[in-house]
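K.L.:
Pasting in a structure now, in structure tokens, and then I'll have a few things to ask.
The values are calculated or read from the model by the stated rules, or taken from the named source; none is laboratory data. These numbers were taken from a predicted model, which means no experiment stands behind them. Quick reminder, even Gly has a Cβ in these numbers, built from the backbone with ideal geometry, and neighbours come from all protein chains shown.
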Amino acid sequence: MRTKIVIANWKMKLEIPESVQLAKKLKLAFLKKLWQGQVILCPDFLSLPTCGQALLKSKIKLGAQNCFWQDKGSYTGEVSINNLRNLKVEYVILGHSERRRYFKESNLQVASKAKLVLTNNITPIVCIGESLSDYRNKKTLFTLKKQLKGSLQGIKLKTKEKLIIAYEPVWAIGSGKSLEAKQVAKILKFLKEETKKIPALSKMISSIFFIYGGSVNSQNVQNMATFKDIQGLLVGSDSLQVKSFTKICQDFLS
Ligand code: PGA
């Protein structure tokens with residue numbers, strides 16, 4: 001069976017001491033668990049060094065929430081993949097809808113970042129998702145297809161490299177309204193079929209994981225766990241408490 005994944009996206013919601021406390025508590029809570037899956041914590045940039053330290057000797061991996069598409073240069077205020085690598089970051093979230101919305105990140109920029117991330121032996125978590133108006137106007141699949149193709153343009157995967165594609169409907173993020181698990185599974189299957197059509201990726205489909213995010217919580221996680229096409233979860237709000245996040249991991253991974 002393939003490894004399932006649960007990713008915590010802490011966004012800009014915690015101060016450094018809070019992030020470290022949470023990482024330490026989760027490390028402790030997970031020591032006794034025997035799940036097969038992969039758990040990844042994505043604190044804000046400034047909390048990465050101390051969270052990385054806190055997670056030493058644990059199976060929990062470290063992820064970042066963004067990076068720049070050049071590895072070095074005059075890019076004031078940006079974050080280099082070289083430094084993420086120095087901090088032993090193994091995953092990077094790219095093209096989250098909040099970045100697409102507030103920083104106008106384009107599919108091309110997301111693809112350029114993903115390429116750079118891969119060349120640094122780090123796994124990109126590429127986010128795509130339809131807006132509320134797309135959803136209401138039944139344009140979900142059309143929008144996803146366009147974002148998928150755009151955000152993966154020029155990407156090739158070598159043996160041992162991995163790619164995670166996170167489907168996150170914009171209207172479901174932080175709203176408490178998750179898409180029904182059955183619908184999620186259907187859309188993730190669609191995304192897999194569409195990815196298979198991309199010549200550079202078709203042969204590597206078993207190295208690509210299709211996951212869901214958007215108001216996943218300790219109540220709806222059990223439904224998500226019943227569908228094999230849901231290979232992972234990206235969790236925001238409910239990853240900020242030890243109890244809820246442990247329950248999500250427990251229900252989804254065991
Ligand atoms: P949410 O956030 O779980 O709070 O909806 C998910 C995300 O933005 O990745």
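K.L.:
Would you check if there is a residue in segment 184-197 being in a loop (DSSP other than H, G, I, E, B) and of a type in the set (A, V, I, L, M)? Spell out the reasoning first.
P.N.:
We begin by selecting, within segment 184-197, every residue in a loop (DSSP other than H, G, I, E, B); these are 197.
Imposing the further condition that a residue be of a type in the set (A, V, I, L, M) reduces the set to none.
No, there is no match, as no residue in segment 184-197 is in a loop (DSSP other than H, G, I, E, B) and of a type in the set (A, V, I, L, M).
K.L.:
Which of the residues that make up segment 213-240 are assigned to a loop (DSSP other than H, G, I, E, B), free of Cβ contacts under 8 Å to residues at least 60 places away in the same chain and either in contact with a Gly (Cβ under 8 Å, 6 or more places away or on another chain) or within 12 Å of the ligand (Cβ to nearest atom) (or both)? Give the derivation first.
P.N.:
Keep residues of segment 213-240 that are assigned to a loop (DSSP other than H, G, I, E, B), which gives 214-220, 226-231, 236, 240.
In the following step, the residues that additionally are free of Cβ contacts under 8 Å to residues at least 60 places away in the same chain were identified as 215-220, 226-230.
Within segment 213-240, SER215, VAL216, ASN217, SER218, ASN220 meet the criteria.
K.L.:
Do the conditions hold for VAL242, that is, is it surrounded by 18 or more Cβ atoms within 10 Å (Cβ to Cβ) and at pLDDT 95 or above? Reasoning before the result, please.
P.N.:
Numbers: surrounded by 18 or more Cβ atoms within 10 Å (Cβ to Cβ): no; at pLDDT 95 or above: yes.
So VAL242 fails the test.
K.L.:
Give the residues of segment 87-136 that are within 13 Å of the ligand (Cβ to nearest atom), of a type in the set (A, V, I, L, M, F, W, C) and farther than 12 Å from TRP69 by Cα, sorted by residue number.
P.N.:
Answer for segment 87-136, where residues must be within 13 Å of the ligand (Cβ to nearest atom), of a type in the set (A, V, I, L, M, F, W, C) and farther than 12 Å from TRP69 by Cα: ILE93, ILE125, VAL126, CYS127, ILE128.
K.L.:
Across segment 1-28, what is the total count of residues that are farther than 28 Å from GLU78 by Cβ, part of a helix (DSSP H, G or I) and in contact (Cβ under 8 Å) with a residue 12 or more places away in the chain?
P.N.:
First, pick out the residues of segment 1-28 that are farther than 28 Å from GLU78 by Cβ: 1-4, 6, 21, 24-28.
Still in the list and also part of a helix (DSSP H, G or I): 21, 24-28.
Narrowing further to those that are in contact (Cβ under 8 Å) with a residue 12 or more places away in the chain: 24-27.
Going through segment 1-28 one residue at a time, the tally reaches 4.
K.L.:
Could you list, in sequence order, all residues of segment 165-178 that are within 11 Å of the ligand (Cβ to nearest atom), closer than 24 Å to ALA114 by Cβ and of a type in the set (A, V, I, L, M, F, W, C)?
P.N.:
ALA166, VAL170, ALA172, ILE173
K.L.:
Quick one: which residue in LEU179, LEU148 is assigned to a loop (DSSP other than H, G, I, E, B) and not hydroxyl-bearing (Ser, Thr, Tyr)? Break it down into steps so the answer makes sense when it comes.
P.N.:
Values: LEU148 fails: assigned to a loop (DSSP other than H, G, I, E, B).
Result: LEU179 is the single residue among LEU179, LEU148 that is assigned to a loop (DSSP other than H, G, I, E, B) and not hydroxyl-bearing (Ser, Thr, Tyr).
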